[in-house]
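Colleague: One structure, as structure tokens, below. Some questions next.
The values are calculated or read from the model by the stated rules, or taken from the named source; none is laboratory data. Since we're looking at a predicted model, the values are computed, not measured. Virtual Cβ from ideal backbone geometry, glycine too; neighbours counted across all protein chains shown. All accessible areas refer to the heavy atoms of the entire protein, side chains included, with ligands and DNA or RNA removed. Shrake-Rupley method; radii C 1.70, N 1.55, O 1.52, S 1.80 Å.
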There are 2 protein chains.
Amino acid sequence: MTLRIVRSVAELRAALSPLRAGRIGFVPTMGALHEGHLSLLRAAGAENDTVVLSIFVNPTQFTQATDLEMYPRTEQDDVALAAGAGAHLVFAPSVDEMYPTGFATTVSVDAAITETLEGAVRGRAHFDGVATVVAKLLLAVLPDRAYFGAKDAQQVVVVRRMVADLGIPVEIIQRPTSREDDGLARSSRNTRLSPEEREIATAVPRALRAAQDAFATGIRDAAALTGAVHDALDVAGLTPEYIALVDPDSLEPVASVARPALLAVAVPVGSVRLIDNVFLTPGIDDRIPLGAIEVSHR
Amino acid sequence: MTLRIVRSVAELRAALSPLRAGRIGFVPTMGALHEGHLSLLRAAGAENDTVVLSIFVNPTQFTQATDLEMYPRTEQDDVALAAGAGAHLVFAPSVDEMYPTGFATTVSVDAAITETLEGAVRGRAHFDGVATVVAKLLLAVLPDRAYFGAKDAQQVVVVRRMVADLGIPVEIIQRPTSREDDGLARSSRNTRLSPEEREIATAVPRALRAAQDAFATGIRDAAALTGAVHDALDVAGLTPEYIALVDPDSLEPVASVARPALLAVAVPVGSVRLIDNVFLTPGIDDRIPLGAIEVSHR
């Protein structure tokens, strides 16, 4: 099957209709594809018969107009990359196709999971926008499985909650964060970093790695672990918006790590907000490899 | 096929899975079935291979605790009536099945259509509750067609908007209001009227009929048409919560009827809120028959 691009839900449904005897895997994205997205597409290809990619820069989840304007749009490159990673169908709707005149429906997830971390910084419109567009995309594709990256861990928590609550018949799969050799989490926004900012940005994974190193020595206390992140960012001259150690399901603060916990940070680097996180799991050592840092010290 | 009752979404999906080659018609209700519901079931049976009925008194759409408490619950009778009207499957979940611990998602329809009429009286939680539960029920059943009665015309507008906006793959069908011989719109809440109140309640269809009579003589002005309703209710000693002449899609006020318009009323009779409506369509005479009124005059 060759890669096909569709622009409307009607075309998408018509294209998928004969393929529903097999399994359908879905990777929703805002485009500007990088290796992280491609690894999701490859995972979807390994576990399903048909792989659908969506490319839609969703205006309703942006709470800053400049961030929306500056968001990279590279559809031609995206399609070529998606074909190489095994996608069969690209759904790339216009804003009007997704939100026609008169559109008036919002899917909201309440409670702690949308009011904390990114919700606290970006406002509740952000996750309303995410929940609504993901509901629409899942209902348009009706996949068996949908794939999300762990970099946006809170987004995955919100999507899982929404899918379970509304009963959308899909399995949500979270895959590990894809990282550059120097540890920086891959993100479409990284392209907006200047070379100098890109160098400084490596402090973010180094800071999370510092907490992982402390965790590996047996430190479990939240203040000590977040303090390690804070100190490492401080050395690089970076001021985080938040450093939070939370339960990975409820996103409620954890005082001491007894079960798996999520250590999440948001750090502005120049004009770009970077977010990143690691899971701290007693008995598991999956520290971020920081290859290029060592290279740069040679 | 005999009637089967299921209590969980999982059972429902398993029961429907082998039936998806045929068409599935769905009638969502809060139980206390009356002839109006049965006519929806029969319509669903005429147009589909399988007919699913849901019975769920949805707490989240009640904005008054006493109304929820007093809502009639007659499941055994309902099941017998549904079987007689051709239902194949009854989905009758518990509140916990629909809203388990941790449930946190709301589907909201904004704009004029939820802030007016019932939304203005009952508060926005009412239509949030309706939109959310109908989304859940539609996603649980995934029917080809879902059937609603015109008595709750605003509800149908909200459901249509929600279904279109989220892209739930279902056709929403509105059927005419079912009425008693004396014109009273059938409603599960009518059973809560005392015999005296039941007699007074006939003023509601009589008042709408008065407006229809005026419309049939060529009157198109909103004030004159709503005035006819008001006067007829006044004669019966009833004070409406609202009498509104609105566009049937946008629910925005209509000053003069050039295209089809919806004339809607809400009237408390004793402790029961009655709602009713008629469509005023130039060139169409579908006035409410008031048979029993004439009988009572003999």
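Colleague: Based on the Kirkwood radius over alpha-carbon pairs, what value in µm²/s does the Stokes-Einstein equation return for the translational diffusion coefficient of the range A:188-287 at 37 °C and 0.692 mPa s? Before the final figure, lay out the partial values.
Modeller: Details: Rh = 13.7 Å.
The diffusion coefficient I find is 240 µm²/s.
Colleague: A follow-up question, please. For A:Thr281, put the label point 7 Å out on the Cα→Cβ axis and report which residues of the range A:174-209 keep their amide N under 14 Å from it.
Modeller: Flagged as within label range: A:174-177.
Colleague: Which angle between 0 and 90 degrees, to the nearest 10, do you get for helix B:153-166 versus the longest principal axis of chain B when only C-alpha atoms count?
Modeller: Roughly 40 degrees, rounded to the nearest 10.
Colleague: Place a point 7 Å from the Cα of A:Glu171 along the Cα-to-Cβ direction; which residues of the range A:1-27 have their backbone N under 14 Å from it?
Modeller: Taking a point 7 Å out along Cα→Cβ of A:Glu171, the residues of the range A:1-27 whose backbone N falls under 14 Å are A:23-26.
Colleague: Please compute the length gained on full extension between B:Leu19 and B:Ala46, using 0.36 nm multiplied by the number of residues separating them and subtracting their Cα-Cα distance.
Modeller: Details: separation 27, 0.36 × 27 = 9.72 nm, distance 1.63 nm.
My answer for the length gained is 8.1 nm.
Colleague: Per residue, what volume in Å³ does the convex hull of the Cα atoms of the protein assembly as shown enclose? All intermediate terms of the calculation are to be shown ahead of the outcome.
Modeller: Numbers: hull volume 105.7 nm³, N = 596.
Per-residue hull volume (Cα only) is 177 Å³.
Colleague: Leaving out ligands, DNA and RNA, what percent of the accessible area of the range A:142-291 is carbon and sulfur, probe 1.4 Å? Write down the numbers at each step before the final one.
Modeller: Details: 3090 of 6110 Å².
Ligands and nucleic acids excluded, carbon and sulfur reach 50 percent.
Colleague: Given charges of +1 on the Cβ of Lys and Arg and -1 on the Cβ of Asp and Glu, with all other atoms neutral, how large is the dipole of the range B:188-297 about its Cα centre, in debye to the nearest 20?
Modeller: Details: 9 positive and 15 negative charges, 38 e Å.
Charge dipole, the range B:188-297, about its Cα centre: 180 debye, nearest 20.
Colleague: Quick one: of the DSSP bridges fully inside chain A, what percent are antiparallel, nearest 5?
Modeller: Numbers: 17 of 36 bridges.
Approximately 45 percent, going by the DSSP bridge assignments.
Colleague: With +1 on each Lys and Arg Cβ and -1 on each Asp and Glu Cβ, how big is the dipole of the protein assembly as shown about its Cα centre, in debye rounded to the nearest 20? Present the calculation step by step, with values, prior to reporting the outcome.
Modeller: Values: 54 positive and 74 negative charges, 229 e Å.
For this selection, approximately 1100 debye.
Colleague: So, one more: Would you mind pulling out the separation of the Cα centroids of the range B:27-70 and the range A:2-32, in Å?
Modeller: Going from one Cα centre to the other spans 35 Å.
Colleague: If you don't mind, there's one more thing I want to ask. Report the label-to-label distance for A:Ala111 and B:Asp181 in nanometres (one decimal), using points 7 Å from each Cα along the Cα→Cβ vector.
Modeller: Each label point lies 7 Å from its Cα, and together they span 5.3 nm.
Colleague: Follow-up question, since we're still on this one. Which FRET efficiency value, to the nearest 0.05, is calculated for B:Arg124 and A:Val95 with the Förster distance at 45 angstrom and r the Cβ-Cβ distance?
Modeller: Numbers: r = 26 Å, r/R0 = 0.59.
Given R0 = 45 Å and the Cβ-Cβ separation, E is 0.95.
Colleague: Please give the helix B:35-47 orientation as an angle from the longest Cα principal axis of chain B, in degrees from 0 to 90, rounded to the nearest 10.
Modeller: 60 degrees
Colleague: OK, next. Rank these by accessible area, largest first, 1.4 Å probe: B:Met162, A:Met30. Kindly include the intermediate steps, with their values, before the conclusion.
Modeller: Details: B:Met162 0, A:Met30 35 Å².
So, going from the largest accessible area down, we get A:Met30, B:Met162.
Colleague: Right, something else. How long are the semi-axes of the equivalent ellipsoid of the range B:74-164, taking √(5λ) for every eigenvalue λ of the Cα gyration tensor, in whole Å from largest down? Let's see the in-between values first.
Modeller: Numbers: eigenvalues 123, 60, 35 Å².
Value: 25, 17, 13 Å, ordered largest first.
Colleague: Whole-Hz ³J(HN,Hα) for each residue in the range A:272-288, computed from phi via Karplus 6.51 cos²θ - 1.76 cosθ + 1.60 with θ = phi - 60°, x for glycine and proline: what do you get?
Modeller: Calculated HN-Hα couplings, in order: 10, 8, 9, 10, 7, 6, 9, 8, 9, 10, x, x, 10, 10, 10, 5, 4 Hz.
Colleague: What lysines could a cross-link reach from B:Lys136, if we take a straight Cα to Cα line under 16 Å and drop same-chain neighbours fewer than 8 places away?
Modeller: The reachable lysines, counting only those whose Cα sits under 16 Å from B:Lys136, are A:Lys136.
Colleague: At a Förster distance of 51 Å, what's the computed FRET efficiency of A:Thr66 paired with B:Thr239, Cβ-Cβ distance as r, to 0.05? Walk me through the intermediate numbers first.
Modeller: On the way: r = 54 Å, r/R0 = 1.06.
E between A:Thr66 and B:Thr239, to the nearest 0.05, is 0.40.
Colleague: Between A:Ala258 and A:Glu196, what is the label-point separation in nm under the 7 Å Cα-to-beta-carbon projection?
Modeller: For A:Glu196 paired with A:Ala258, the spin-label model returns 4.8 nm.
Colleague: What translational diffusion coefficient, in µm²/s and rounded to a whole number, does the Stokes-Einstein relation yield for chain B at 20 °C and a viscosity of 1.002 mPa s, taking the hydrodynamic radius as the Kirkwood radius over Cα pairs?
Modeller: In µm²/s, the coefficient rounds to 107.
Colleague: Please work out the average accessible area per residue across the protein assembly as shown, using the 1.4 Å probe convention, and give it in Å². Don't skip to the end; give the middle numbers.
Modeller: Numbers: 24890 Å² over 596 residues.
On a per-residue basis, the protein assembly as shown sits at 42 Å².
Colleague: Quick check: the distance between the Cα centres of the range A:231-281 and the range B:158-189, to the nearest angstrom?
Modeller: The two parts, judged by their Cα centres, are 49 Å apart.
Colleague: Further question: Under the rule a/c < 1.5 gives rounded, and otherwise a/b versus b/c splits prolate from oblate, where does the range B:4-175 land using the Cα gyration tensor? Could you put the intermediate results ahead of the total?
Modeller: On the way: a/c = 1.44, a/b = 1.34, b/c = 1.07.
Note, shape of the range B:4-175 comes out rounded.
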